[in-house]
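The values are calculated or read from the model by the stated rules, or taken from the named source; none is laboratory data. Owing to the predicted nature of the structure, the values given are computational and were not obtained by experimental measurement. Cβ placement follows ideal geometry from the backbone for every residue including glycine, while neighbour counts extend to all protein chains displayed. The protein model used for the area step is the full one, side chains on, heavy atoms only, and it has no ligands, DNA or RNA in it. Shrake-Rupley method; radii C 1.70, N 1.55, O 1.52, S 1.80 Å.
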Amino acid sequence: MLLEFRVKNYKSIRDEAIFSLVASKDKSLQQTNTMETGIRSIPFVTCSAAVYGANASGKSNLINALGYMRAVVAESAALQAEQTFNVKPFLFDPETKDEPTEFEITFVKDGIRYQYGFSMTAERIMEEWLLVYKTAKPQNWFSRYYEVESGKDVFELGSGLRGQKTAWRDSTRKNSLFLSIAVQLNSEQLLPVYSWIIQDLVIFGAQGIPSNDFTIQMVQSEQGKLDVKGFLISADISIDDISVIQKKGIRQSLHYNTTTGKSETNFEEKEFMIPQFKHTTEKGDAILELHEESLGTQRLFALSGPILDILKTGKVLIFDELDSSLHALLARRLVELFHTSEINHHGAQLVFTTHDTALLRGDLLRRDQVWFIEKNSQQSSVLYPLTDFSPRKGESIEKGYLIGRYGAVPFLGDLDLTGTE
């Protein structure tokens, strides 16, 4: 489970932004909206959290920061020695544009709390650290920092970390992470940290929804087909059956290159598995291929497999612009799935950005599940929780947000179309 994410000097985020899923002492909706951590000092975390803000406030930059951190962990071990990172610091302040960008993530896996982070420039990793909480007192498994005077990285490898530590250290280049290199060289101890960041942290960006591949593979098993069918029917998609046929076509794939900052497009001819949907009416049956279905149905089909897998395996879903992909009622239903212990057996979590204020109504979210982000006069994004305002019990959060009580709303001026000054 995700406990906390910190980022500093990344795109519009100049000062350190701290996003936390640690639950407050509020007892409301504790049975549904929170789960136990097994950690005495942090007994509960929330199952979901929403981030609100005006357009261009920095919501997507917060999500992108998580994605960029994950990409560096995944790819730094494969970089050539001369390659650089396309990291983007805050550029509107001369004191920060040449300073390192910092990331840190704290999470629990298999009952152990890990606190991992690093700072970086375009040319190199400046610092890296991992604290492990097997008890209340943390163990420093490893840390490194760049010593300017000697021009070398200085490592401290703790006694809690076992294995070929010297070989891992000597193989770590200035533009690679020690964590990534050690896992590449078969560190079993560090593999849970690496795999949680790469596999258990699932990010749906604002630029699009996942491909259909995962769901298509899922529906080829009988249980998977039943699960996806049930998901679509619960979303009021009237289908009677799902099948898959094979066809030949051209596949387009996108790859984000962390060194150039560009998306690379590749094309290849291959066999495709095409889903078909059977619809039954009073006057007969019809079978439609996926591309013949509505855009909404196509999106739901693509989302259904990954979401069902996340709920089944207890992963963390980061969903940018939830309301742009789903109808308001479906978005609410998705949040409710993460709050339903009968469905969310293994502690999956959902973090999403949205403009949909209807999600603030009723008892869908606790006060500590709502966050805001806005830009200050220096064009720097500032992240803060609703709990900073200590709203009263029964207070309309939606109304308070829309009238600007909590900030993070656009300031709308008059539109002059007369052409006059």
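The residue pairs whose first member lies in the range 158-183 and is under 14 Å from Tyr114 (Cβ atoms), whose second member is among the aromatic types (Phe, Trp, Tyr) and open to solvent by 20 Å² or more (accessible area, probe 1.4 Å), and whose beta carbons are closer than 7 Å, counting only pairs six or more residues apart or on different chains, are Leu179/Tyr194; Val183/Tyr194. From the list Val351, Val382, the one residue that fits, being among the β-branched types (Val, Ile, Thr) and within 28 Å of Ile233 (Cβ to Cβ), is Val351.
Would you be able to tell me the number of residues in the range 40-64 that are within 16 Å of Asn376 (Cα to Cα) and in contact with a strand residue (DSSP E or B) (Cβ under 8 Å, 6 or more places away or on another chain)? The number of residues fulfilling the criteria is 9.
Checking each residue in the range 185-204 for being under 17 Å from Phe103 (Cβ atoms) and under 13 Å from the mean Cα position of the chain (by Cα) picks out Trp196, Ile197, Ile198, Asp200, Leu201, Ile203. Here is the figure for the range 111-125: residues that are closer than 21 Å to Thr96 by Cβ and open to solvent by 10 Å² or more (accessible area, probe 1.4 Å) total 4. Of the residues making up the range 131-149, those that are farther than 22 Å from Arg40 by Cβ and surrounded by 15 or more Cβ atoms within 10 Å (Cβ to Cβ) number 5. Each residue in the range 347-368 was checked for being part of a loop (DSSP other than H, G, I, E, B), over 18 Å from the mean Cα position of the chain (by Cα) and surrounded by fewer than 23 Cβ atoms within 10 Å (Cβ to Cβ), and 6 pass. Residues in the range 215-240 that are open to solvent by 90 Å² or more (accessible area, probe 1.4 Å), more than 23 Å from Glu282 (Cβ to Cβ) and part of a loop (DSSP other than H, G, I, E, B): 1 in all.
Please pick out the residue among Glu75, Glu102 that is farther than 26 Å from Leu364 by Cα, open to solvent by 50 Å² or more (accessible area, probe 1.4 Å) and touching a strand residue (DSSP E or B) at 6+ places or on another chain (Cβ under 9 Å).
So the residue among Glu75, Glu102 that is farther than 26 Å from Leu364 by Cα, open to solvent by 50 Å² or more (accessible area, probe 1.4 Å) and touching a strand residue (DSSP E or B) at 6+ places or on another chain (Cβ under 9 Å) is Glu102.
All of Ser48, Ser41, Ser20 fail the test of being of a type in the set (Ser, Thr, Tyr), out of contact with any helix residue (DSSP H, G or I) (no Cβ under 8 Å at 6 or more places or on another chain) and modelled with pLDDT of 95 or more, apart from Ser20.
For Glu128, the test of being open to solvent by less than 20 Å² (accessible area, probe 1.4 Å) and more than 30 Å from Leu364 (Cβ to Cβ) is passed. In the range 375-392, which residues are touching a residue at least 60 places away in the same chain (Cβ under 8 Å), over 19 Å from the mean Cα position of the chain (by Cα) and open to solvent by less than 70 Å² (accessible area, probe 1.4 Å)? Selection gives Ser380, Thr387. For the range 168-184, a residue qualifies if it is acidic (Asp, Glu) and within 24 Å of the chain's Cα centre (by Cα), but none of them does.
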